[in-house]
Structure formats: structure tokens, C-alpha cells
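Below: the structure, in C-alpha cells.
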Amino acid sequence: MHKEIQIKRYLPEEHAEPFWQTFRVPYDETTSVLGALNYIKEELDSTVSFRWSCRMAICGSCGYMVNGIPKLGCKDFVRNYPAALRIEPLAHFTVERDLMVAMDEFLQHLEAVKPYLIAEPSEPHKPHRQTPAQLAKYKQFANCINCGLCYAACPQFGLNPEFVGPGAIALAHRYNLDSRDQGKAKRMPVLNTHDGVWSCTFVGFCSDVCPKGVDPAAAVNQGKVESAKSMLIQMFRGGA
Amino acid sequence: MAYKPNLQRTWWLQHRFFRAYMLREATVLPLVFLLCSLLAGVYSLTSADAFIAWQGFMAKPWVIVIHTLALLASFYHALTFFQLFPRVMPIRLGDKSVPAVVMIAAQWSGTLTVIALFLWLFGGGL
């Protein structure tokens, strides 16, 4: 079996504008989109550039738009597409070359929400115990692999790149819910702004495309409840 | 060297998910019309003539069509809202979280109870 795969190429040193190139690729039931791209790179055109690494939806490197929908190349299969495939770089990001995007905007937002445990352990050399119930509160949001598919799915991020966005807010929420963390007061000022949780209009497509079932839309909108509480508390304290 | 594609104004036409989202947001339009109609009704209470004119306005077929649309729109909005609610306000009882389907059923039961109460109060019984 063969499939026509169109790739949106961008070779800035040769062409000022991106262009489409079609490849004919053999496939079977087990061929992933990433597998097809690797076949193109190895057998048809070695100049095609794309990121990938683990091939098992852990590293989050191989995010592309496949027929207009953000997908992980390793978790999506050629057999899912009866017609031709059109592969583009992730939407809403700056494209550097072929299917490779600059993730800088996402990484800046991620850094801004301090996605790590902020805590002063009372006894530094002892393990900080957590019950299964405390783990269950945030576990779903801890599955994020920073692939950026949710950003490519979010029209609000497409319209306003200053929006902190689903992935970073989901991770901020994950640490806010962690019983070992004491950094909520440092994260909330970022989430409370218009470009924080309030830019989200619950389109919800981010959760649909998330390959790890994180449900970032739920995290962002739970963040709105937290943000409203945080702003109200600040108001009564006279700090708003 | 790099390029960044602009999001086109027609982005919401590209996928059925976005079209469903825009439909949900558009439910506000007939509801705004209904609210304006009701506000006009409140203002018309200042004089008998105005109130009779307002009753005539409310009986016009096109007004009834928009108000019927507002009813359907509010049901559709409720449907989407009730589905999203368990994700925004998850409820945990002890170690267990309340299943989404229970929360959705509880919200619909509440809605139907209020509808039944209004029918009983203003509609001369069920």
C-alpha cells in the first residue's frame, strides 16, 4: 500500500515562502506518521527536517499538524487517513525550517509560572510523604510532556501569543494542587492577569488534542476559580 | 529566518469542533433579544397604552420565532455548560471524586424541577 503525503516545506536559504511537496510513501497497518516521515528522510529526500526522539509519546518532540489537527507523529497512524495526508508545522508558532517550530513563546510562559516544587522542607534529609489521595488531586495534570499540541489547538493563543496558554497553566495548576508545594502565592499573580487564565474562553480543543489526557482546559478553568478566590482575598486585604 | 502564519478570520470554520464552539457562543444572540424584550416589558408598565403595544409586539410571529430560538439556545447552552461543569468544579467526597455523569444528571434534575415549579405556579398546573 502507498499513500500520498504532502509536507509543508520551508527552506529559507532556497525559497522565501513555504511550499508544498508531495511524497509517495509505502505503509502498512503499523506505520506511524513519524515512521512515514522517517521513510521520506531516509529514502526520498534527506533535506526534510522535523523533530523526533522517543517514538513512544513520552518526549513530546514530534508534534505536527496532520490534516489541520495537532498530533504527535509517533502516536498517529497513516492507516487513520483514507485520503492523502497533509503535514504542516504546529500552528501558532514561528516556523524555523520545514516542520520545525521555535518553542520559545511556550517556554517563556512555562518559565513564568514556575513549574516546579517551591517548598522549604522542615527536615531536608527526610522524604516528604504524600498520601494517594493527595497525589490523586494533581496526578492527571502531571502527565504533561510539553509537546505544545494544546497551544497549536488554542485559537486564543493564535490570536494573542501573550496568553500564558493551556500547557503552562495546567502545570501551574498541577503544582498549586501539590500538597508538598508552597509556591501558589508566587504563581497566582501570573494566572490572575488578563493574559493568564482569563484569556481562555473554554474552546476546549486543547483537551481534545492532548495526547496524554491531561485536560488542560479543565486546569485553566479550575484556575479561574482559584484566580477569582485569590483576587477576592487580595481585595479584602487591600492589596489589589 | 523564519515565518509565522497569521490566524485567519475564518479559523472557526476550519473544524467542526470550532463551529460547535462558535454555536455555543452565538446562543447569546437570541438571549440578548429576549432580555431586551423583557426589559421593554418592564418599562411599558408605566402606561396602559405602552403595555398593550408591548403585548402586541410580543405576539408578532417573528418575535415568537426569535423567542423560541432563545429557548432552544438556552437549552443548548445548558447542555454544554452542564457537560463542562464537572471539569471546572470537580467534587471530591472523601477519597473519591463524584462521577461527572452524576453531576450532569443532578444539574438537569434541578433544571427540570425549576421548570415544573414554574409550570405549576404560572401555567395552571401540570
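Just so it is clear, none of the values below were taken in a lab; they were calculated from the coordinates. Since we're looking at a predicted model, the values are computed, not measured. Cβ coordinates were reconstructed from backbone atoms using ideal geometry, including for glycine residues, and neighbour counts include every protein chain displayed.
Mean residue ellipticity at 222 nm from the helices of chain B, using -39,500 (n - 2.57) per DSSP H segment of n ≥ 4 over the full residue count, to the nearest 500 deg cm²/dmol?
Theoretical 222 nm ellipticity from helices: -24000 deg cm²/dmol.
Can you sort B:MET1, A:MET103 by how many other beta carbons sit within 10 Å, fewest first?
Going from sparsest to densest Cβ surroundings: B:MET1, A:MET103.
For labels at A:THR94 and A:LEU107 in the simple 7 Å Cα→Cβ model, what's the distance in nm?
About 1.2 nm separates the two model spin labels.
Around A:ASP215, with a cut-off of 13 angstrom between Cβ atoms, what is the net charge of the other residues, counting Lys and Arg +1 and Asp and Glu -1?
+3
Summing Lys, Arg as +1 and Asp, Glu as -1, what charge do residues with Cβ under 15 Å from the Cβ of B:PHE18 carry, B:PHE18 excluded?
Result for the neighbourhood of B:PHE18: +2.
Mind ordering B:5-12, A:120-127 by average Cβ neighbours within 10 Å, highest first?
Order by mean packing, descending: B:5-12, A:120-127.
Pairs of alpha-carbon atoms within less than 8 angstrom and 6+ residues apart define the contacts here; what relative contact order does chain A have, in percent?
17
Quick check on my link table: of A:LYS114/A:LYS137; A:LYS71/A:LYS139; A:LYS186/B:LYS4; A:LYS114/A:LYS139, which ones sit more than 26 Å apart, alpha carbon to alpha carbon?
Exceeds cut-off: A:LYS186/B:LYS4.
When DSSP beta bridges are limited to those with both residues in chain A, what percentage is antiparallel, rounded to the nearest 5?
Values: 19 of 22 bridges.
Of those bridges, close to 85 percent are antiparallel.
Which one, B:THR68, B:LEU31, B:ALA106, is farthest towards the positive end of the dipole of the protein assembly as shown when Lys and Arg carry +1 and Asp and Glu -1 on their Cβ?
Toward the positive end, the furthest listed residue is B:ALA106.
Arranged by the count of other C-beta atoms within 10 angstrom, fewest first, what order do A:HIS128, A:HIS92 take?
Result, fewest neighbours first: A:HIS128, A:HIS92.
Below 8 Å between Cα atoms, with a sequence gap of 6+, how large is the relative contact order for chain B in percent?
Working: 57 pairs, mean separation 23.8, N = 126.
In percent, rounded to a whole number, it is 19.
Using alpha-carbon positions, what is the distance between the centroids of the stretch A:140-219 and the stretch B:48-108, in Å?
The stretch A:140-219 and the stretch B:48-108 have Cα centres separated by 28 Å.
Spelling out what I want: for every residue of the stretch A:19-27, take phi, set θ = phi - 60°, compute 6.51 cos²θ - 1.76 cosθ + 1.60 (Karplus), and round to whole Hz; glycine and proline get x.
With coefficients 6.51, -1.76 and 1.60, one gets 9, 9, 10, 9, 10, 10, 10, x, 8 Hz.
For the stretch A:110-215, give the magnitude of the charge dipole about the Cα centre (Cβ charges: +1 Lys/Arg, -1 Asp/Glu; no others), in debye to the nearest 20.
Values: 11 positive and 9 negative charges, 82 e Å.
The dipole magnitude comes to about 400 debye.
Please state the charge dipole magnitude for the stretch A:2-102, taken about the Cα centre, from unit charges on C-beta atoms (+1 on K and R, -1 on D and E), reported in debye and rounded to the nearest 20. Before the final figure, lay out each step's value.
On the way: 12 positive and 13 negative charges, 69 e Å.
Using only the charged Cβ atoms, the result is roughly 320 debye.
So how strong a dipole does chain A carry about its Cα centre when Lys and Arg Cβ are +1 and Asp and Glu Cβ are -1, to the nearest 20 debye?
Charge dipole, chain A, about its Cα centre: 1040 debye, nearest 20.
Which Cys in the protein assembly as shown stand alone, with every other cysteine's Cβ at 4.7 Å or more from theirs?
Isolated Cys, the protein assembly as shown: A:CYS62, A:CYS74, A:CYS144, A:CYS147, A:CYS154, A:CYS200, A:CYS210, B:CYS36.
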